[in-house]
Amino acid sequence: MPELPEVETVRRSLIPRLVGRRVASVWARPIKLREGIVPSEWQRLVGMELLTIERTGKFLIARFERASALFHLGMSGRMTLAQPDNELAPHTHLRLGFDGDLELRFADPRRFGAAIVRSPATLARHRSLQALGVDPLTGDVEAALLASARSRSPIRSVLLDQRVLAGLGNIYANEALHRAGIRPLRQMRTVGRVRLPALAAAIRQVLTQALEAGGTTLRDGGFVDASGKDGAFAVQLAVYGRDGQACEECGATIVRQMATGRSAYFCPRCQR
DNA sequence: AAGCCAACCTGGACGC
DNA sequence: TGCGTCCAGGTTGGCT
């Protein structure tokens, strides 16, 4: 579900309603996610004030007074705000009750997500955070691409590699490559270095526009922000999920091709 | 040692 | 209606 624009949308919708509030209660299921939920970790948060919520790549970090919580939404994770007596969505694994009768809920049907609590120092040393590359909203995308210019992998795989750029997923990698006129499965090293600045610009542009639209919701049950609202960017997708349809740029038929276990979408005429 | 690929899960869409 | 198959927005560990 969530790539950078969706995670950032969640962050922005949580902050105004949660920051400055204190944790009043914790309800946590000891369930195995990518990193399992350990209820006793979460109980430590009771009484602590939420100071900030940060994002790096697709991770959210909620900073409390003496502990930090790391969230990853995997493919199907949702973080929503609710009243304590509201009906519980299926696969809700964690509920943080805040003062003011507001509850943060984490649900994740496919269980590829993560939700852990650590001391700030320990969390900073966490494996998955250490390995992260440049955040495309704040870092130098062009430099990150140039540093990977000699890779023998398909260029889409490079864009999906969180050690290079932290935040792109399959939707926006395909969309950025369409905007830049580059085929997703083409070897990175065969793409001329002169084309990389345009690709960097396309990446920043598509992420920024998706964020302005509140992210991409592909179908019912997909991504929602903290209030349960859908993202509006799906109508602006040029290639993702549009195989068989005409390219808006040139009219050629958009192709879907399976590679590295995931669908690549591209226009065979405007992408080379 | 870089680069594939299966594995981890559940659910929805589709075909018969 | 029901059952089987395929596919899904991500990451990682193990293999070559």
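Each value in this text was obtained by applying a stated rule to the coordinates, not by laboratory testing. Remember, predicted model here, so these are calculated numbers, not experimental data. When we count neighbours, we look across all protein chains shown, and the Cβ atoms used for this are built from the backbone with ideal geometry, even at glycine.
Placing a label point 7 Å from the Cα of A:THR260 along the Cα-to-Cβ line, no residue of the stretch A:121-145 has its backbone N under 11 Å from it.
Is the C-alpha gyration tensor of the stretch A:132-272 telling us rounded, prolate or oblate? Criteria: a/c under 1.5 is rounded; beyond that, a/b larger than b/c is prolate, otherwise oblate. Because a/c hits 1.5 or more and a/b fails to exceed b/c, the stretch A:132-272 counts as oblate.
Working out 0.36 nm times the residue gap between A:LEU51 and A:LEU102, then minus their Cα-Cα distance, what length gain in nm do you get to one decimal? Between A:LEU51 and A:LEU102, full extension yields an extra 16.8 nm.
The HN-Hα couplings worked out from phi for the stretch A:122-128 by the Karplus form 6.51 cos²θ - 1.76 cosθ + 1.60 (θ = phi - 60°) are 5, 5, 4, 8, 4, 3, 5 Hz, whole numbers, x standing for Gly and Pro. Full extension of the chain between A:THR253 and A:SER153 gives 33.4 nm of extra length, using 0.36 nm per residue less the Cα-Cα distance. The ranking of A:TYR172, A:TYR240 from fewest to most other beta carbons within 10 Å of each one's beta carbon is A:TYR240, A:TYR172. Near the amide H of A:GLY215, within less than 5 Å, lie the amide hydrogens of A:ALA232, A:PHE233, all on another chain or at least 5 residues away, with H placed in the peptide plane. Contact order, relative form, for chain A: 18 percent (alpha carbon pairs under 8 Å, 6 or more residues apart, mean separation divided by residue count). For the stretch A:21-31, putting each phi into the Karplus relation 6.51 cos²θ - 1.76 cosθ + 1.60 with θ = phi - 60° gives couplings of 8, 10, 6, 9, 7, 9, 10, 9, 8, x, 10 Hz, in residue order, rounded to whole numbers and with x for Gly and Pro.
Applied to the stretch A:237-252, the Karplus parametrisation 6.51 cos²θ - 1.76 cosθ + 1.60 on θ = phi - 60° returns per-residue 3J(HN,Hα) values of 5, 8, 10, 4, x, 10, 4, x, 8, 7, 5, 5, 7, 10, x, 5 Hz, with x for Gly and Pro.
Cut-off is 10 Å between beta-carbons; in what order do A:MET258, A:MET75, A:MET188 appear when sorted fewest neighbours first?
A:MET258, A:MET75, A:MET188
As a proxy for reagent exposure, ranking A:CYS250, A:CYS267 by other Cβ atoms within 10 Å from fewest up yields A:CYS250, A:CYS267. Multiplying the residue separation of A:ARG269 and A:SER40 by 0.36 nm and removing their Cα-Cα distance gives an extension gain of 76.9 nm.
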